[in-house]
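Encoded as structure tokens, the structure appears first; notes follow it.
Please treat every number below as a calculation from the coordinates, not as lab data. Since we're looking at a predicted model, the values are computed, not measured. Here the Cβ positions follow ideal geometry from the backbone for every residue, glycine too, while neighbour counts run over all protein chains shown.
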Amino acid sequence: MTKAHIIGSNDIFEVRKIFCIGRNYAEHAKEMKADIPEAPVFFLKPPTAIIGEGGVIRIPSISKELHHEVEMTVLLGRGGKDISCGNALNIVAGYGIGLDMTLRDVQSEAKKKGLPWTLAKGFDTSAPLSAFVPADQITDPHNLDLKLDVNGVTRQKSNTKNFIFKIDELIAYISQFFTFERGDIIFTGTPEGVAPAASGDRLEAQLSSPEHTVLVSLKVSVQ
């Protein structure tokens, strides 16, 4: 059983589904030479993709081009279907930071052939994930800084105010088609700056308040 936990709480959340949002920052869409979507674009990762603090990302032998994508993550404390925007944030238990590790060459080949991205996005160790800060400690989840350093050098940096689709919109949209369960996680999309990560690299991601207080962090390595 893959578990998620909230800082300062003994609650155990069994992770059931991981929803990953694509193209939720305009600048990232531009760098990927993709259109800005009119509705949220999302895909799934299995819970077995998760690794935690100090974990190791293992590059499958089929890929020569692993990319990092830092993202704010959302842990759901309750489930539901057809959730309204007005009620969406009420089911959020916590906010964290994560990495959507992507086999870019495998993904590009799948796109050319019109095939699914599952292998490129859902392989084991493709979802490094931090602990979660309690939702009730976050005044505004749409004004948080996220950053990724690789070997001590900042690669990605943005703020959740740059979301194309806000968290309540994402929850309302997805819940039209999928029933949320307690322990589901949403990766909210990555900002610009995605780039290759190689064996031996050290990755450190942070989610911070507007006052630059680090709320949660995550350190992993690549092998």
Checking the conditions here, which among GLY98, GLY52 is closer than 20 Å to LYS166 by Cβ and not polar (S, T, N, Q)? GLY98
Within segment 6-48, residues out of contact with any helix residue (DSSP H, G or I) (no Cβ under 8 Å at 6 or more places or on another chain), among the basic types (Lys, Arg) and on the phi > 0 side of the Ramachandran plot come out as LYS33
Within segment 1-25, of all residues that are assigned to a strand (DSSP E or B) and surrounded by fewer than 21 Cβ atoms within 10 Å (Cβ to Cβ), the one nearest to the chain's Cα centre (by Cα) is GLY22
So, in segment 24-49, exactly how many residues are out of contact with any Ser or Thr (no Cβ under 9 Å at 6 or more places or on another chain) and closer than 18 Å to ALA172 by Cβ? 6
